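*Asks:* Shown below is the structure under consideration.
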Amino acid sequence: MTGAKKRRSAVWRKIQTVRFEDIKIWCLRRLPILKWVPAYNWKENLIPDTVSGMMLAIQQVTQGLAFAVLSSVHPVFGLYGSFFPVIIYAIFGMGRHVATGTFALTSLISANAVERLVPSVSTNFTTNNNSGVRGLSEFEMQRIGVAAAVSFLGGIIQVAMFMLQLGSATFLLTEPVISAMTTGAATHVVTSQVKYLLGMKMPYISGPLGFFHIYAYIFENIRSVQLEALLLSLMSIVVLVLVKELNEKFQRNIKVVLPIDLVLIIATSFACYYADMEYVYGLEVVGHIPEGLPSPKTPPMNVLPEVVTEAFGVALVGYVASLALAQGSAKKFKYTVDDNQEFLAHGLSNVIPSFFFCIPSAAAMGRTALLYSTGAKTQMACLISCVLILVVIYAIGPMLYWLPMCVLASIIVVGLKGMLMQFRDLKKYWNVDKIDW
């Protein structure tokens, strides 16, 4: 009996050891942060990651405000969308230079659901409500509810694709398809911002050939263009393009590029405040920005059947764009990325933040390029940016009340320059393959 007990005890210990090893392997595989944090070289990497994190925070804030507007929700939700998804991806993601957050294409897709289910009937950002973010109207809370539902369902779809091991299936999407999709979407994003650039009041237009109907409406009502908004938009676009071109030209000679987006936001906000442009010229401004983080709340589940189409769009477009950046980072810095793990990381980066009033998220080429140029080493740069974004949410956000909407629209349009330049690929595809063209 004693011998049998000893054998059973030895077998049980072996089983426990095997289980522990299996759990350890599973955790290291599904929680990449457990790998890179213990091995983090604080002496060599902390300074470059800190510098990159500071620059990234500036870009995240400006893009967050802009892409929230693009998503047809209040700008403050873009700040939340620049904070929560970043933390989730840092835990589950494998791309060292992948910065998740608000993204132009997923914001545009989300806007379709928001405008369809909660049409524009008011622009009042300051009416109090008892069921959402303090200081925002019930109308705004209904809108972010739809956007959060799109994010939630899109994330669920991505997690389901992870469970079905569909990460490697993205090879079916060829380069011309992805290039055409992003370029076409970029033209729609620009079109959606024209009303802000011109200071025009216009109804939401969608559906087949909606792109052309928007411009037809603009030309028919060209006399309603607000001259002050148009001039401020042109000035902002010229300044943004010139400074960004100079930053690119001299980036080898300067370690830190000029954060022109942030400078422009601060300068125009002060100018709008001191000149009282909101009332003197009728210039549309961002308005009230609530202070602090919101309490978690379940997205409205009753609208999920209504947003299935947009959720699939967010899931696929966001994943494809993000995976391309993760793979590019892995190739550049010689490490590996698990395509399927990226599905899980981006899925959770949409599901969990949806409980904190976040719009759909994905990685963006501009943020990845920024991390490259500023010498970021790991995801620590993204986590440092979160700390600075938290400072903005709690301390600086309310000061953005006077930021003109036309300036935000200008930032969006100039930020899409890279995608719009892909029109030049048509010549390449024509010379290579007529079907690709």
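*Asks:* What pairs come out if I take residues in segment 100-118 that are on the phi > 0 side of the Ramachandran plot and pair them with residues that are at pLDDT 90 or above and in a strand (DSSP E or B) whose C-beta lies under 6 Å away, six or more apart or interchain?
*Replies:* Partner pairs satisfying both residue conditions: GLY101/SER361.
*Asks:* Within the group GLY95, GLY154, GLY132, which residue is at pLDDT below 90 and open to solvent by less than 10 Å² (accessible area, probe 1.4 Å)?
*Replies:* Among GLY95, GLY154, GLY132, only GLY95 is at pLDDT below 90 and open to solvent by less than 10 Å² (accessible area, probe 1.4 Å).
*Asks:* Okay, next question. Can you tell me which of (1) without any contact (Cβ under 8 Å) to a residue 12 or more places away in the chain; (2) over 27 Å from VAL391 (Cα atoms); (3) not charged (D, E, K, R) is the one ALA311 doesn't meet?
*Replies:* (1)
*Asks:* Quick one: is MET380 over 17 Å from the mean Cα position of the chain (by Cα), at negative phi and of a type in the set (A, V, I, L, M, F, W, C)?
*Replies:* yes
*Asks:* Separate question: How many residues, within segment 196-254, are among the small types (Gly, Ala, Ser) and open to solvent by less than 40 Å² (accessible area, probe 1.4 Å)?
*Replies:* Here the count works out to 5.
*Asks:* Scan segment 32-56 for residues that are assigned to a helix (DSSP H, G or I), open to solvent by 10 Å² or more (accessible area, probe 1.4 Å) and in contact (Cβ under 8 Å) with a residue 40 or more places away in the chain and jot them down.
*Replies:* Answer for segment 32-56, where residues must be assigned to a helix (DSSP H, G or I), open to solvent by 10 Å² or more (accessible area, probe 1.4 Å) and in contact (Cβ under 8 Å) with a residue 40 or more places away in the chain: ILE33, TRP36, GLU44, ASN45, LEU46, PRO48, THR50, VAL51, MET54, MET55.
Rundown of residues vs (1) without any contact (Cβ under 8 Å) to a residue 12 or more places away in the chain; (2) farther than 29 Å from GLY199 by Cβ, yes/no style:
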site: GLY375; (1), (2): no, yes
site: LEU400; (1), (2): no, no
site: ILE411; (1), (2): no, no
site: LYS427; (1), (2): yes, yes
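*Asks:* Go through segment 401-425 and give me each residue that's at pLDDT 80 or above and open to solvent by 20 Å² or more (accessible area, probe 1.4 Å).
*Replies:* If the condition is that a residue be at pLDDT 80 or above and open to solvent by 20 Å² or more (accessible area, probe 1.4 Å), then TYR401, TRP402, VAL413 are the ones that fit.
*Asks:* Considering LEU383, LEU420, LEU390, LEU371, which residue is in contact (Cβ under 8 Å) with a residue 12 or more places away in the chain and in contact with a His (Cβ under 6 Å, 6 or more places away or on another chain)?
*Replies:* Sole residue among the options that is in contact (Cβ under 8 Å) with a residue 12 or more places away in the chain and in contact with a His (Cβ under 6 Å, 6 or more places away or on another chain): LEU371.
The values are calculated or read from the model by the stated rules, or taken from the named source; none is laboratory data. These numbers were taken from a predicted model, which means no experiment stands behind them. Glycine gets a Cβ as well: all are built from the backbone with ideal geometry, and neighbour counts include every protein chain shown. What goes into the accessible areas is simple: the full protein's heavy atoms, side chains included, and nothing from ligands, DNA or RNA. Shrake-Rupley method; radii C 1.70, N 1.55, O 1.52, S 1.80 Å.
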